[in-house]
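The values are calculated or read from the model by the stated rules, or taken from the named source; none is laboratory data. None of the values given here were measured: they were computed from a predicted structure. Using ideal geometry, Cβ is built from the backbone for each residue, glycine included, and neighbour counts are taken over all protein chains shown.
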Amino acid sequence: MKLTAKFYEIEQGSEAWLNLRSQLFTASEGASWMIEEPKCKLTVDELKAELSDLGIPFIKSASKAVLEALIPDLSKFMGLSSVSEKARIALIRRKMAMFTTEGQLRAAEANRKLEFNFDIKRGNEIEPIARQVYSDEMGFEVVETGFLAHESCRFDAAGNPSHGFGCSPDGLIPDGDEWSHGLESKAPCPEKMMEWLDDGVLPSEHETQVHFSMAVSGLRRWDFIGYCPQLPPLIVTTLWSEKTDRCLAALKSLHANFLTYRAKLGKLGPVIVGEKMEVGV
């Protein structure tokens, strides 16, 4: 299957990779609201008032679900919860901050500190083993990848995305000259691994990331492997579903909202992470 994204062969964790992903919404930033099913924002009284305006009879003691079912076009009243809306705005602000010099400096410092984080270092050491375990168990070749930028991104003259959304797959599985599916690998601690094995499903904390990666790549399948040495692996296959549709729609809407917010603040050019900080024009 062909990708709906531009493929960048760069080393994950490198300065070039950090620069690339700093300007985009990425899978690691995916929040649960991206796959959340929208709910009707009208209260029971508001539903009754709407039905009355439409001349549709209803039982006054009817439940909210029954009243909703009577509305001919409920879609215009659907939306995210107030908590999800606040999370959406917060994410836009965090990404906008990355277009300022201070925002880039703070991000660079945060990335530097992560180099000394025990769990991060452990994950970097074990995740390659997890990919090999997956390959051995499933019989698939796993191709390590750099970064995928969705085709809807805005690209500069050099072909690099200036804003939009993308992901850094832990691997892609080839299918001839195209791709079959993607892979997300995690290396949890023993206690967390045992919890995942007991549940036997895609861990909820990584569900959005998996759907986000499918939405970016266009691939209709994404496999997940959780691996911890001395414990059995957990391998879960997720197929494209209505959650992926919601995720893609949410990402496109998020990008549009980002552009509106950016226009309101004025033009801010990207900067380069490194010793010499330059403000773009």
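When each of L18, L24 is tested for being touching a residue at least 12 places away in the same chain (Cβ under 8 Å), in the same structural domain as C167 (by TED's automatic domain parsing), surrounded by 14 or more Cβ atoms within 10 Å (Cβ to Cβ) and touching a His at 6+ places or on another chain (Cβ under 8 Å), the lone residue that passes is L24. May I ask you to verify whether F77 is of a type outside the set (A, V, I, L, M), touching a strand residue (DSSP E or B) at 6+ places or on another chain (Cβ under 9 Å), modelled with pLDDT of 90 or more and buried (at least 16 other Cβ atoms within 10 Å of the Cβ)? Spelling it out, it is not the case that F77 is of a type outside the set (A, V, I, L, M), touching a strand residue (DSSP E or B) at 6+ places or on another chain (Cβ under 9 Å), modelled with pLDDT of 90 or more and buried (at least 16 other Cβ atoms within 10 Å of the Cβ).
For the stretch 170-180, the criterion of a residue being within 16 Å of I235 (Cβ to Cβ), assigned by TED's automatic domain parsing to the domain that holds I235 and among the small types (G, A, S) is satisfied by at least one position.
Of all the listed residues (G166, G146), the sole one being over 18 Å from R220 (Cβ atoms), in contact with a His (Cβ under 9 Å, 6 or more places away or on another chain) and not hydrophobic (A, V, I, L, M, F, W, C) is G166.
Looking across K113, K60, K95, K64, one residue alone is of a type in the set (D, E, K, R), without any contact (Cβ under 8 Å) to a residue 40 or more places away in the chain, in contact with a helix residue (DSSP H, G or I) (Cβ under 8 Å, 6 or more places away or on another chain) and farther than 18 Å from E37 by Cβ. It is K60. Residues considered: R93, R106. Of these, the only one that is at pLDDT 85 or above and within 21 Å of A31 (Cα to Cα) is R93. Scan the stretch 46-58 and give yes if some residue there is part of a loop (DSSP other than H, G, I, E, B) and either surrounded by 16 or more Cβ atoms within 10 Å (Cβ to Cβ) or among the aromatic types (F, W, Y) (or both), otherwise no. Checked the stretch 46-58: at least one residue is part of a loop (DSSP other than H, G, I, E, B) and either surrounded by 16 or more Cβ atoms within 10 Å (Cβ to Cβ) or among the aromatic types (F, W, Y) (or both). Does any residue of the stretch 87-108 turn out to be more than 24 Å from the chain's Cα centre (by Cα), in the same structural domain as S253 (by TED's automatic domain parsing), in a helix (DSSP H, G or I) and charged (D, E, K, R)? Within the stretch 87-108, one or more residues are more than 24 Å from the chain's Cα centre (by Cα), in the same structural domain as S253 (by TED's automatic domain parsing), in a helix (DSSP H, G or I) and charged (D, E, K, R). If you go through the stretch 178-212 and keep only what is surrounded by fewer than 21 Cβ atoms within 10 Å (Cβ to Cβ) and charged (D, E, K, R), you end up with E178, E191, K192, E195, D198, D199, E205, E207.
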